[in-house]
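Everything below concerns the one structure shown next.
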Amino acid sequence: MAVLRASIAITPYNIGAPQVLVDVAPLRGEHKMYTAVAARITDAWNVSQTVPVLRDFAPVLNAAGTTIYLPYNDDRITSVRLPSPPPAGVDFFLTANMSGCKFFVDTIAGSNDLMVYHANTHQHGSPAHNSPVNYQSVQAGHILDALHANAQADYAALPAPNNLVLHNVASLAKGTYYMQGALAEQRKANQGRGLALPGGVWATPEFAGGCSVMGFYNAGWHFYYQTWGGVDYTRPSGTQAIAKDLFTFHWKSLHNRRTKGISHTAFSDITVVDHALIY
């Protein structure tokens, strides 16, 4: 089942983080440089057994595959050069799921090819609760940008004629790709929803899902992101909450509390909440 450009507005695609490629040693301990030849796969998509609306990525390493796949590594940056035009039969690009990582696109001086990167850090993570899902600390952002700058320097330092002059033209960070998730959290909070945690802790509603980055080749590479998911929250309970719904004619809220209970899980109504062009 091929992924069509139009389908990313409707069908949630869960890429996950499979390590299907032959592993490479990290340069300086932090930069894994993949080639388009080694990164070719056949991509397949299975209907999720737990969330039927979701499509789960099922890749197979294949030197004749139609897709170039870039994995991620904890606290490292990975990169791959995308030929333009690509090898015969290749028209699709994927990278691992984004949930705090940053995606970069560079042009290459004297070439139509592009260099793409997937940077990850677990340092300076967001608080466990009561912070919007798109929050990322300034310190974490600096680390991701430094990983990219150092990776650019790695390519510049290669022996001639393989040394490259790279120019960044686009990037995608958590603040952007999870923005609609954060707005969804806020909408539920504005409706009086919260999240009941163990120990009697009452937190703000929390978005759960993922972000998929895909590239389509059509007279050049074009990259899009898709954010999918839902919000975990707890419906207000007790006589006051019911009385409020009756008084304000919130029949749907009253019906949901009675038929679905007070807890709502994000994966009970997964949808595509955002999709947009990166470059």
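Checking the stated criteria, residue 175 turns out not to satisfy the condition of being on the phi > 0 side of the Ramachandran plot, touching a Phe, Trp or Tyr at 6+ places or on another chain (Cβ under 9 Å) and either at pLDDT 95 or above or not charged (D, E, K, R) (or both). With respect to being within 20 Å of the chain's Cα centre (by Cα), among the hydroxyl-bearing types (Ser, Thr, Tyr) and surrounded by 15 or more Cβ atoms within 10 Å (Cβ to Cβ), residue 178 fits the description.
Exactly one residue out of 160, 170 is touching a residue at least 12 places away in the same chain (Cβ under 8 Å), within 25 Å of residue 80 (Cα to Cα), among the small types (Gly, Ala, Ser) and not in a helix (DSSP H, G or I), and it is 170.
With the condition kept exactly as written, say whether any residue in segment 115-135 is over 30 Å from residue 182 (Cα atoms) and free of Cβ contacts under 8 Å to residues at least 12 places away in the same chain. No; the residues of segment 115-135 include none that is over 30 Å from residue 182 (Cα atoms) and free of Cβ contacts under 8 Å to residues at least 12 places away in the same chain. When residue 117 is tested against the conditions (1) modelled with pLDDT of 95 or more; (2) in a loop (DSSP other than H, G, I, E, B), the lone failure is (2). Scanning segment 106-129 for residues that are out of contact with any Ser or Thr (no Cβ under 7 Å at 6 or more places or on another chain), surrounded by fewer than 21 Cβ atoms within 10 Å (Cβ to Cβ) and closer than 26 Å to residue 87 by Cβ gives 107, 108, 109, 110, 111. Among the numbered conditions (1) touching a helix residue (DSSP H, G or I) at 6+ places or on another chain (Cβ under 7 Å); (2) of a type in the set (Val, Ile, Thr); (3) farther than 25 Å from residue 144 by Cβ, the only one that residue 10 does not meet is (1).
The strands (runs of 3 or more DSSP E) found wholly in segment 40-103 and carrying at least 1 residues that are of a type in the set (S, T, N, Q) and in contact with a His (Cβ under 6 Å, 6 or more places away or on another chain) occupy 77-82, 92-95.
Note on segment 20-40: residues that are surrounded by 12 or more Cβ atoms within 10 Å (Cβ to Cβ), closer than 25 Å to residue 100 by Cβ and in contact (Cβ under 8 Å) with a residue 40 or more places away in the chain total 10. For segment 11-47, which positions are more than 19 Å from residue 63 (Cα to Cα), in contact with a Leu (Cβ under 9 Å, 6 or more places away or on another chain) and hydrophobic (A, V, I, L, M, F, W, C)? Residues satisfying the conditions are 15, 47.
The set of residues in segment 130-149 that are surrounded by fewer than 20 Cβ atoms within 10 Å (Cβ to Cβ) and over 30 Å from residue 186 (Cβ atoms) comprises 146, 149.
The values are calculated or read from the model by the stated rules, or taken from the named source; none is laboratory data. The structure displayed is predicted, hence computed values, not measured ones. FYI the Cβ positions are ideal-geometry reconstructions off the backbone, even for glycines, and counts take in every protein chain you see.
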